[in-house]
Amino acid sequence: MTSSSSAVPALMTVAVGADTLSLRRATKGDLPQILQLLADDQLGSTRERADDPGLYEPAFEAIDSDPAHLLVVGELGGDVVATFQLSFIPGLSRKGSWRAQIEGVRVAEKLRGQEAGARMMQWAIQHARESGCSLVQLTTDKARPRAHRFYERLGFVSSHEGMKLTL
């Protein structure tokens with residue numbers, strides 16, 4: 001599915017094979033493609049509803065209207081092929097420093113292993129640094145060992161045990 005967001009300025013461009021991957025702020029029109037990416041893995045296939053974008057519109061509006069959040073898509077040849085959310089969180093710990101939280105990272109299967117995800121995360125880390133954050137954090141499900149290896153190659157360390165309570 002082709003994106004209709006050519007007027008949104010690029011945050012970064014990088015060569016991926018013979019094409020150019022362009023990172024940009026997501027628009028509401030990207031929501032169907034983002035949902036397809038979120039649903040296209042072993043965990044997302046059971047918890048996402050890519051067939052019902054209306055369920056996600058309030059969350060998209062909240063993210064899009066809050067300057068502490070940035071929803072990013074990667075576009076290649078006019079198609080949305082990657083996404084992640086970057087959120088900035090103030091805190092009193094670590095001498096009152098800010099941290100960046102990366103969520104919902106997905107790269108289309110056809111691009112995995114071609115450095116698109118690494119370039120995307122390097123941009124997110126640099127953007128967090130330039131925004132004054134002292135730490136970038138993310139969670140990744142224990143059922144995703146390939147994702148763990150990917151983040152470790154980027155310098156992330158498994159320093160904490162995360163806990164969740166489903167409501």
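The values are calculated or read from the model by the stated rules, or taken from the named source; none is laboratory data. Predicted model, so just to flag it, every value in this text is computed and none were measured. Glycine gets a Cβ as well: all are built from the backbone with ideal geometry, and neighbour counts include every protein chain shown.
Below is a table of values for the structure above.
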quantity: Verdict on residue 105 being closer than 17 Å to residue 15 by Cα and either surrounded by 14 or more Cβ atoms within 10 Å (Cβ to Cβ) or modelled with pLDDT under 95 (or both); calculated: no
quantity: Residue within the range 145-166 that is touching a strand residue (DSSP E or B) at 6+ places or on another chain (Cβ under 8 Å), within 17 Å of residue 38 (Cβ to Cβ) and of a type outside the set (A, V, I, L, M) present; calculated: no
quantity: The one condition in (1) in a strand (DSSP E or B); (2) in contact with a helix residue (DSSP H, G or I) (Cβ under 8 Å, 6 or more places away or on another chain); (3) without any contact (Cβ under 8 Å) to a residue 24 or more places away in the chain that residue 158 fails to fulfil; calculated: (1)
quantity: Candidate set from the range 39-74 (those that are at pLDDT 95 or above and among the acidic types (Asp, Glu)); member that is farthest from residue 125 (Cα to Cα); calculated: 57
quantity: Selection status of residue 49, without any contact (Cβ under 8 Å) to a residue 24 or more places away in the chain and of a type in the set (Lys, Arg); calculated: yes
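For every residue, the table says whether it meets (1) within 13 Å of the chain's Cα centre (by Cα); (2) farther than 19 Å from residue 148 by Cα; (3) outside any helix (DSSP H, G or I); (4) of a type in the set (Phe, Trp, Tyr).
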residue: 30; (1), (2), (3), (4): no, yes, no, no
residue: 34; (1), (2), (3), (4): yes, yes, no, no
residue: 37; (1), (2), (3), (4): yes, no, no, no
residue: 42; (1), (2), (3), (4): no, no, yes, no
residue: 51; (1), (2), (3), (4): no, yes, yes, no
residue: 54; (1), (2), (3), (4): no, yes, no, no
residue: 62; (1), (2), (3), (4): no, yes, no, no
residue: 82; (1), (2), (3), (4): yes, no, yes, no
residue: 89; (1), (2), (3), (4): no, yes, yes, no
